[in-house]
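The values are calculated or read from the model by the stated rules, or taken from the named source; none is laboratory data. No experiment lies behind these values; they were computed from the predicted model shown. A quick note on method: Cβ atoms are made from the backbone with ideal geometry, for glycine too, and the neighbour counts reach across all protein chains shown.
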Amino acid sequence: MATLTQPKVEQKTLVRYRVEDGLGIVELDDPPANTYTHEMMRQLDDAILQARFDDTVHVIVLRGHGDKFFSAGANIAYLNSITPRYKYFFCLHANETLNRLEQTPKLTIAALNGHTVGGGLEIGMACDLRLAKESQNKIGLPEVNLGVLPGTGGTQRLARIVGKPRAIEMMVKGETFSFDRAKEIGLVHEVFPAEGFWEQVVLYAKQFCPPNKASKAVGLIKRAVQSGAEVPFESGLTLERELQQQLFQSDDAKEGIAAYVEKRVAEFQGR
Amino acid sequence: MVRKLSNFDDWIDYFRYWQDSIGLPQGELRNFQFDAKFGDPEVPHIEFGHYRGQRKWPSVMHIPDQRIRDALLNLIVYQGDTEFASVEQQRNLLGHAPTDYDLLALMRVMTEEMRHGWQMSYLLCAHFGDEGKREAAKLLERRADDGERLLGSFNEIVATWLDFFTYTQFIDRDGKFQLKMLSVSAFDPLSRSMGPMLKEESFHLGTGNNGLLRIVKAGKMPAETIQRFFYKWVPTAFDLFGNDNSSSAHWAYVWGLKGRYDERENAQEPDKAKLNEYARELYRQEIVKLVERLNMFIPERERWLKVPELKFNRKIGVYAHQMYTVDGEPIDSKERYAAYLKTVLPQARDYEVVKDIEREPDWIEAKKADSLLKQ
């Protein structure tokens, strides 16, 4: 009988998490390609939950360690070492983790600081916004070349981002392409120059933090879209209404409306 | 459909195409080595508004709010639009300059206006991503001849040299005001663009002021005719300062994008609802003095030139499309107003008179070209 005991892996820090100026920064750290295992997914899950519960975190930014890879996806050697049933639970947990990321009512940004392929792009697609570093790096879902499909939400999220026909074509061809091309098709939101890339990402992310933006409204807009788009239209409207009601009662809405009337810059607090 | 530009090099190609399409002649005007020029940073921190005291923003990404970025892009687009428009307006004068000096002066003005447009386009392409490149392309697609430029003055016809000197005196002087107000901008690349532009613009104003002085001193152009051209251009210059009680100006100030003309010298708290009115009044006071100087060379007091009242023939602001005389007296019937305008604004026969006079020798005091060739 197959055992579900986790394969023995080195217990090390694979996901680094820190909070800086309202940003919860999550770094995938398993050189050389920041590929993920179940252990990394559990650490990622833990980081997402920390950021979710931390009131001082307004935006969550994911990045890869180093400057070559955001992530090349699942660790193939690791996948090769586990049973099919374990693989199934590994995928299930990865899906749950990325869903948690997607459903957290805080804006999430993937800083694609290097190659972003396979499961790496699947993590990126679970974020609300994707910012890429100008480079020769590649992005895509080439799982078909291994005889499998993008199984951490890739088939579903890619179709929702670029549309079914293009998504199918990209995935069945196993196509990888440049960030510039990704921007053309709406898979990436911005391509920033390589020099000062991280500084640009931080500046970009901080525009959504207090005092610049009402981060609670930002988070609930994200939540209304991410959750609302997956339910019938009427239910989506209901969700929208309920979230709006929360915002109507927020301190930031009071401040935002007062500042508008008084023609001054609002000082939001994220409450 | 707007031409798609990938980078500033694409814009440069498009700029060359624009020069072709408006029929700019080959030669010095086309061979000029255009460059984006930036002055040294004068003040490292934001000088006014909500973000006062913070470091100036070196890039768009440092700007904390999308609305500020949008407003900034708009300011740069409007400034850039005027630069290319003025070249389109003035190019028809190249064929009949009164003196070599004036031809050289015109060419220098046009070249520098193109450089200013180049500077604004560079900012758009370098700092504002795809949206900036789209707007930079559109700067080269609108045409003054077709009335497509964004501001009224820049769709008017510059048909004569009297137009040109009046234009550089009054419209370029508005430009000086706008550039000075942007020179204290919180967006560092914009504020540092203004130093070199203001230096160049001062030559344009000087060209207008000297040109009018030379015309008045020569005594061939009737003061009444000159006056009509002042009535044509000055109200459009007043309009360039924008709406009264302007929210846009208010926010541009609060956000630190555009200060007062005398921002660095004026310690008083501004009335943010009246920023455009304030700048317009400073401008009016300045041009009144310049016109008084012209009058020193017109012996008959009854023929003295004047600046029309702010209410006359306005298209923007609280007096827009209302009927007032040049002295600010109301006119109560449309028919009387239409007839009145014909008595004060240049009519077809006035243009003919001006063109005839401009064909005469000595209609404008001579000036040697050497002074320009040395520069």
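A few points about this structure:
- Residue check, B:Ile76 surrounded by 24 or more Cβ atoms within 10 Å (Cβ to Cβ), of a type in the set (A, V, I, L, M) and within 14 Å of chain A (Cβ to nearest Cβ): no
- Residue selected from the stretch A:217-234 under the condition within 11 Å of A:Leu107 (Cβ to Cβ) and touching a helix residue (DSSP H, G or I) at 6+ places or on another chain (Cβ under 6 Å), by the criterion nearest to the other protein chains (Cβ to nearest Cβ): A:Ala217
- Cβ-Cβ under 8 Å pairs, at least 6 apart or on other chains, the stretch B:259-280 side free of Cβ contacts under 8 Å to residues at least 12 places away in the same chain, far side charged (D, E, K, R) and surrounded by 14 or more Cβ atoms within 10 Å (Cβ to Cβ): B:Asn266/B:Arg260
Per-residue answers, yes or no, for (1) more than 17 Å from the chain's Cα centre (by Cα); (2) among the charged types (D, E, K, R):
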site: A:Val26; (1), (2): no, no
site: A:Phe69; (1), (2): no, no
site: A:Ile76; (1), (2): yes, no
site: A:Arg85; (1), (2): yes, yes
site: A:Arg100; (1), (2): no, yes
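- The lone exception for A:Leu149 - which of (1) within 14 Å of chain B (Cβ to nearest Cβ); (2) in contact with an Asp or Glu (Cβ under 9 Å, 6 or more places away or on another chain); (3) exposed (fewer than 15 other Cβ atoms within 10 Å of the Cβ) it fails: (1)
- Leading residue by the ranking (farthest from the chain's Cα centre (by Cα)) among those in the stretch A:235-271 that are more than 14 Å from chain B (Cβ to nearest Cβ), without any contact (Cβ under 8 Å) to a residue 12 or more places away in the chain and within 30 Å of B:Leu257 (Cα to Cα): A:Ala258
- Checked against (1) within 24 Å of A:Glu267 (Cβ to Cβ); (2) within 9 Å of chain B (Cβ to nearest Cβ), A:Gln200 passes all but condition (1).
Conditions (1) on the phi > 0 side of the Ramachandran plot; (2) away from every other protein chain (no Cβ under 14 Å); (3) surrounded by 23 or more Cβ atoms within 10 Å (Cβ to Cβ); (4) basic (Lys, Arg), marked per residue:
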position	(1), (2), (3), (4)
B:Trp57	no, no, yes, no
B:Thr82	no, yes, yes, no
B:Arg91	no, yes, no, yes
B:His96	no, yes, no, no
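- Taking the conditions (1) basic (Lys, Arg); (2) surrounded by fewer than 18 Cβ atoms within 10 Å (Cβ to Cβ); (3) away from chain B (no Cβ under 14 Å) in turn, A:Arg157 satisfies each one other than (2).
- Of the candidates B:Glu269, B:Glu335, the single residue that is more than 21 Å from B:Asp174 (Cα to Cα) and in a helix (DSSP H, G or I) is B:Glu335.
For (1) at pLDDT 95 or above; (2) within 14 Å of chain A (Cβ to nearest Cβ); (3) outside any helix (DSSP H, G or I), each residue gets a yes or a no:
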{"site": "B:Gln227", "(1), (2), (3)": "yes, no, no"}
{"site": "B:Val234", "(1), (2), (3)": "yes, no, no"}
{"site": "B:Ala237", "(1), (2), (3)": "yes, no, no"}
{"site": "B:Ala249", "(1), (2), (3)": "yes, yes, no"}
{"site": "B:Ala252", "(1), (2), (3)": "yes, yes, no"}
{"site": "B:Gly256", "(1), (2), (3)": "yes, yes, yes"}
{"site": "B:Tyr261", "(1), (2), (3)": "yes, no, yes"}
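- Scanning the stretch B:132-158 for residues that are surrounded by fewer than 18 Cβ atoms within 10 Å (Cβ to Cβ) and acidic (Asp, Glu) gives B:Glu141, B:Asp145, B:Asp146, B:Glu148.
- The listed residue being in contact with a Leu (Cβ under 7 Å, 6 or more places away or on another chain) and without any contact (Cβ under 8 Å) to a residue 40 or more places away in the chain, out of A:Ala126, A:Ala77: A:Ala126
- Within the span defined as the stretch A:86-95, every residue fails to be assigned to a loop (DSSP other than H, G, I, E, B) and among the polar types (S, T, N, Q).
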